[in-house]
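The block underneath contains the structure these notes are about, expressed in structure tokens.
The values are calculated or read from the model by the stated rules, or taken from the named source; none is laboratory data. As the structure is a computational prediction, the values presented were derived from the model and not from experiment. Please note: Cβ atoms are built from the backbone with ideal geometry, for glycine as well, and neighbour counts cover all protein chains shown. Quick note on the areas: whole protein, heavy atoms, side chains included, nothing else; ligands and nucleic acids left out. Shrake-Rupley method; radii C 1.70, N 1.55, O 1.52, S 1.80 Å.
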Amino acid sequence: MIKWGIIGAGTIAQRFAASLTKIEEAQLVAVANRTLPKARAFQQKHHASMAFDSYQELLDLAELDMVYIALPHAYHAEWIKKAIVAGKGILCEKPAVLHAAEWLDIQKLLATHPVFLMEAMKSRFTPAYQKMAQLVKDGEIGTIQKIETCLRRDMPKEGTTYHYLPEQGGCLLDMGIYNIALLTDFVHGTPTVDSLTATFADGIETSIEATLTCDQIPLVLESGFDLFKPAVATIKGTQGTVTMPDFHRPTSFRIDYLNGQSQSYELPYIQDDFHGEIVHAMTCFKQGLYESPQMTWSDSLRFAQWIDWLKGKQ
């Protein structure tokens, strides 16, 4: 049995806790929130054993094995470090950090306090994404020629929380990181930014349209809070094209081959879209791993580096 604690009691924590109840080897022991009434309401809803208004008190629990950090972006690095020092296995909601420098500091701490740490990128652990990625990497569509990604939603400032706040806000950290996670799964070099247009409000980017080149492959990253567009990723190869709708939480994709044939894949979630990443993190922890082979520390560093590069070009 893996005993979990959750830091934060917002919407994403609620969804995580609901998924956790469907995993036999997982037990929610404690939740912590800034206010005790909210923590206790969460505790009652999700049948946790304890509730705290102190994140550190939760980390100090000797019986706790793993912690899920579900705080606003700006607090991730701080509480990752404190969870490392507390010796807990860590699954931190994306983005794990605001800047690459924060991740490098975390890795220095891990060198002296090794624990399991993984950034939560649930799209990579869905059956549809894993099948698609394996087919592409096995050469099903030939050599990759171009990758395009779009994840754009109409999210007015009213009704949002951290999304429009300086430093931790912006579409890149909140949604564009999904685009980056897909792109960096198929290219491995340092990208050049060929063109970039962005719109801004309150000091953060509300939309971004970027064309990049990496490994000599043209890439497109489109993200924003300003309008709705269908979320889709396309990977064009010399033998066919993959189209994956809702690539940030996919359940299907299609391959259109140059010979005119096509193949559709319907691969629903196991339980829900959190299930795969939770089970994977627990498996790594039980095996004594410090790093996931599917969502590595280098992956998290690259996500942050790409965001730094794109913000530097704005």
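A few remarks follow.
- Evaluation of Asp65 against (1) of a type outside the set (A, V, I, L, M); (2) within 30 Å of Glu205 (Cα to Cα); (3) in contact (Cβ under 8 Å) with a residue 60 or more places away in the chain (one fails), failing number: (2)
- Residues in the range 109-131 that are over 18 Å from the mean Cα position of the chain (by Cα) and of a type outside the set (Val, Ile, Thr): Leu109, Leu110, Ala111, His113, Pro114, Lys131.
- Residue match in the range 238-260 (condition: of a type in the set (Gly, Ala, Ser), in contact with a Gly (Cβ under 8 Å, 6 or more places away or on another chain), part of a strand (DSSP E or B) and within 25 Å of Leu196 (Cα to Cα)): no
- Single unsatisfied condition, Gly87 versus (1) surrounded by fewer than 22 Cβ atoms within 10 Å (Cβ to Cβ); (2) assigned to a helix (DSSP H, G or I): (2)
- Residue that is nearest to Thr243 (Cα to Cα), among those in the range 184-200 that are in contact with a Leu (Cβ under 8 Å, 6 or more places away or on another chain) and open to solvent by less than 30 Å² (accessible area, probe 1.4 Å): Val187
Quick grid of which residues meet (1) among the polar types (S, T, N, Q); (2) modelled with pLDDT of 95 or more; (3) open to solvent by less than 20 Å² (accessible area, probe 1.4 Å):
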| position | (1), (2), (3) |
| --- | --- |
| Asp105 | no, yes, no |
| Lys146 | no, yes, no |
| Met155 | no, no, no |
| Thr161 | yes, no, no |
| Met175 | no, yes, yes |
| Leu182 | no, yes, yes |
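- Of all residues making up the range 95-139, the number that are of a type outside the set (Val, Ile, Thr), part of a loop (DSSP other than H, G, I, E, B), in contact with an Asp or Glu (Cβ under 9 Å, 6 or more places away or on another chain) and more than 30 Å from Ser264 (Cβ to Cβ): 5
- Against the numbered list (1) under 28 Å from Ile23 (Cα atoms); (2) surrounded by 16 or more Cβ atoms within 10 Å (Cβ to Cβ); (3) out of contact with any helix residue (DSSP H, G or I) (no Cβ under 6 Å at 6 or more places or on another chain), Ser207 comes up short only at (1).
- Count of residues meeting criterion [β-branched (Val, Ile, Thr) and over 23 Å from Glu63 (Cβ atoms)] in the range 75-128: 4
- Taking residues in the range 273-298 that are over 21 Å from Gly87 (Cα atoms), and partners anywhere that are of a type in the set (D, E, K, R) and assigned to a helix (DSSP H, G or I), the pairs with Cβ atoms closer than 7 Å and at least 6 places apart or on different chains are Asp273/Lys122; Phe274/Arg15; Phe274/Lys122; Gly276/Lys122; Gln294/Arg124.
- Residues of the range 108-122 classified as surrounded by 14 or more Cβ atoms within 10 Å (Cβ to Cβ) and in contact (Cβ under 8 Å) with a residue 60 or more places away in the chain, total: 9
- Condition met for Cys92 (over 25 Å from Gln287 (Cα atoms), in contact with an Asp or Glu (Cβ under 7 Å, 6 or more places away or on another chain) and open to solvent by less than 30 Å² (accessible area, probe 1.4 Å)): no
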